[in-house]
Amino acid sequence: MACDAVISEALFLLNRAGHGTDNLFALVDAGFLRSNFSFHDEYRRVRDLMHRYRDRPMAFADACLVRMAELIPDNCVWTVDRDFAFYRKHGRRSISLVAPW
């Protein structure tokens with residue numbers, strides 16, 4: 001599961017690196033990648049997270065992923081962003097990660 005902000009960021013990074021975006025859209029077509037996050041429902045908590053981590057600063061997509069980690073108990077975040085080693089869900093609990101570092 002993802003959110004629109006993460007998909008947007010992934011598309012931007014793929015384009016910037018000179019890669020095509022067809023494979024990402026294929027993941028959506030296959031049902032592997034879905035966007036089920038409602039920013040409208042969660043904007044207060046996203047805002048609070050971005051404020052809490054303003055010293056990093058926390059990206060909008062990162063805040064949405066942390067909020068999703070809070071909402072979905074046994075999830076795992078796939079990331080290349082080292083900031084996720086510092087982010088915490090519910091203020092104290094580490095987030096399960098799949099990361100290359």
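Observations, loosely collected:
- Highest to lowest packing among 64-72, 90-98, scored as the average C-beta count within 10 Å: 64-72, 90-98
- In segment 6-82, the chymotrypsin sites (Phe, Trp or Tyr not before Pro) that fall in loop regions by DSSP, at most 15 other Cβ within 10 Å: 32
- Between amide H atoms placed 1.01 Å from N, distances below 5 Å from residue 95 occur with 89, all of them 5 or more places distant or on a separate chain.
- Listed candidates (1) 14.3; (2) 15.8; (3) 13.9 - label of the one calculated as Kirkwood radius over Cα pairs in Å: (1)
- In this structure, the amide hydrogen of residue 35, modeled 1.01 Å from its nitrogen in the peptide plane, lies closer than 5 angstrom to those of 2, counting only residues at least 5 positions away or on a different chain.
- For segment 89-98, putting each phi into the Karplus relation 6.51 cos²θ - 1.76 cosθ + 1.60 with θ = phi - 60° gives couplings of 8, 6, x, 9, 8, 5, 9, 5, 10, 10 Hz, in residue order, rounded to whole numbers and with x for Gly and Pro.
- Assigned charges on the beta-carbon of Lys, Arg, Asp, Glu; the chain dipole about Cα centre (debye): 520 debye
- Distance between segment 70-101 and segment 29-54 - C-alpha centres, whole angstrom: 14 Å
- Relative to the longest principal axis of the Cα atoms of the chain, the long axis of helix 60-71 lies at roughly 70 degrees.
- Positive-pole candidate from 21, 98, 2, dipole of the chain, charges at beta carbon: 98
Rule-based calculations on the coordinates, nothing more; no lab input. All values derive from a computational prediction rather than experimental measurement. When we count neighbours, we look across all protein chains shown, and the Cβ atoms used for this are built from the backbone with ideal geometry, even at glycine.
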